[in-house]
Structure formats: structure tokens, C-alpha cells
Amino acid sequence: MTSPDLDFRPLTPALMDSLQIIFKGTWGRSCWCMHPRMTDAQMRALPGEGSAKDRKRAAMEKLARRPVAPGVLAFQGDEPVGWIAVAPRGEYGRVDASRATPRVDEEPVWVIACIAVRKEHRGSGIAVRLIQAAAAYALENGAPAVEAYPRAGETRTGDDNAYFGTEPMFRQAGFEIVRPPLENLPRNWTPRVTMRTRAQ
């Protein structure tokens with residue numbers, strides 16, 4: 001299927017409703033992409049009024065007010081179709097602490113933590129284009145390299161099980177493996193590779 005014409009926009013407070021449209025019917029509807037940034041206890045302790053979901057949205061909106069956005073949205077015309085989170089690794093407390101995604105070295109990489117494409121737009125190459133757009137945004141904002149921890153191997157999986165991406169997806173986007181799947185992790189953990197790209 002031919003990849004559609006897309007417009008990529010860094011997240012701002014004015015685009016929060018567009019992000020909500022993308023998250024509808026996905027893992028992101030209650031997470032608001034705060035999961036990679038915080039432990040469950042930290043998310044429960046978020047300040048503000050309303051439900052936990054409301055407070056996560058408010059936390060993401062606060063991030064969207066910063067000069068450098070916490071991610072990029074894809075639009076097809078005026079329709080929001082996809083989202084990708086990218087930020088310096090140190091902002092992703094859960095990623096940085098996880099045994100599944102330890103640091104490779106001391107390079108201050110940025111990380112692509114999650115990807116969401118609306119169900120009716122999947123299978124058209126939007127995810128790969130989002131990865132490329134997020135990497136370009138990170139590199140333009142000073143990242144020496146951009147890293148991700150996608151599902152290892154070529155086996156297909158359900159889209160909602162691949163919110164952190166797949167190895168073939170990142171290969172298509174120009175990333176290369178810098179570390180194979182880790183050994184001696186619990187059997188029920190998804191094997192993940194560490195992949196990177198940098199400015200040419």
C-alpha cells in the first residue's frame with residue numbers, strides 16, 4: 001500500500017484533542033504516554049483534580065508547553081492519524097530503570113518510547129514515517145543519536161502489542177542494531193533489540 005501524504009507536527013497544547021483522537025481505542029486512551037516516564041506510584045501521585053486519566057492528560061499537556069515537544073503527531077490533511085513519543089532518555093524514568101532496556105553506553109541518546117497509529121490507518125507505512133520524523137526532530141534539537149528498543153525478530157504481532165515498535169519497522173526507518181536481545185531475562189518478557197540512528 002502506498003504511504004499517504006503526511007504532515008508532521010510537534011505536540012503543543014492546542015493539539016491535545018488531536019492526540020486524544022489518535023489514542024481512542026488504543027493503549028494510549030488511559031496512559032496518555034506517561035507510562036514510559038513514570039512508575040505506577042508516580043502516576044497515581046500526579047497532582048490535580050479529576051480521574052487518573054485526566055491527570056495524565058494534564059501532565060502531558062504540561063510537557064507540550066515546553067519549547068521542545070514530547071513527541072510528534074502525523075496528520076493526513078486535517079485528520080490526526082498517528083503519534084510518536086521521543087525525548088532524552090533521562091526523561092523516561094521507567095525505561096532508564098528497566099532491566100529490559102539498560103544503557104548501552106554513556107552517550108546522551110534520545111529515545112523513541114512508543115508509537116500509536118489509528119486502527120483504520122494501519123498498514124500504510126505511517127509508523128515508519130513517524131519514526132523517521134521523530135528521529136529528525138530529535139536530531140534537529142541536539143540529540144547525538146536516537147535509540148529505540150523494539151520487539152526483536154521478524155515475527156508479526158498485533159499492532160497493540162507493538163507500541164514500542166518492531167525490529168523490521170525500525171530497520172525500514174534507517175536504524176541499526178547496536179545490541180542484540182539480552183540474555184537471562186524472565187521467559188515471559190518480550191525479547192527486544194537496541195537500535196540507533198544518528199545524523200549522517
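Rule-based calculations on the coordinates, nothing more; no lab input. Computed from a prediction, not measured in an experiment: that's the story for all the values here. Cβ: placed from backbone, ideal geometry, glycine included. Neighbour counts: every protein chain shown.
For region 7-197, the Cβ-based charge dipole about the Cα centre amounts to some 480 debye (Lys, Arg positive; Asp, Glu negative; other atoms uncharged). The modelled label-to-label distance for the pair Arg44/Lys24, using points 7 Å beyond Cα in the direction of Cβ, is 3.1 nm. Here the extension length gained between Arg9 and Val104 equals 31.2 nm, from 0.36 nm per residue of separation less the Cα-Cα distance.
The residues Leu130, Leu6, when put in order of fewest to most other Cβ atoms within 10 Å, stand as Leu6, Leu130.
Can you find, among Leu19, Trp110, Gln42, the residue farthest towards the positive end of the dipole of region 7-197? Put +1 on the C-beta of Lys and Arg, -1 on that of Asp and Glu. After comparing all options, I get Gln42. Taking amide hydrogens as placed 1.01 Å from N in the peptide plane, the amide H of Arg179 sits under 5 Å from those of Thr194, each at least 5 positions away in sequence or on another chain.
Taking every C-alpha pair closer than 8 Å and separated by at least 6 residues, the mean separation divided by the residue count of region 7-197 gives a relative contact order of 19 percent. Annotation: amide H-H contacts under 5 Å for Val81 (H modelled 1.01 Å from N, sequence separation of 5 or more, or interchain): Ala74, Phe75, Gln76. With only the Cα atoms considered, region 1-120 has a convex hull volume of 134 Å³ per residue. Stretching Lys119 away from Ala58 to a fully extended chain increases their span by 19.5 nm, per 0.36 nm per residue minus the current alpha-carbon distance. Near Ser98: Cβ cut-off under 15 Å, other residues only, Lys/Arg at +1 and Asp/Glu at -1. The net charge is +4.
For region 131-148, backbone phi angles converted through the Karplus equation (6.51, -1.76, 1.60; θ = phi - 60°) give residue-by-residue couplings of 4, 5, 5, 5, 4, 4, 5, 5, 5, 5, 9, x, 5, x, 7, 10, 10, 8 Hz, Gly and Pro being listed as x.
Residues whose amide H falls under 5 Å from that of Thr166, counting only those 5 or more places apart or on a different chain, are Arg151, with hydrogens built in the peptide plane. The Rg/Rh ratio for region 7-197, using Cα coordinates for both the radius of gyration and the Kirkwood hydrodynamic radius, is 0.94.
Ellipticity at 222 nm from helices only: DSSP H runs of n ≥ 4 in the chain, each -39500 (n - 2.57), divided by the residue count, give -7500 deg cm²/dmol. Comparing Phe164, Ala69, Gly123 along the charge dipole axis of the chain, the residue lying farthest to the positive side is Phe164, per the Cβ-charge model.
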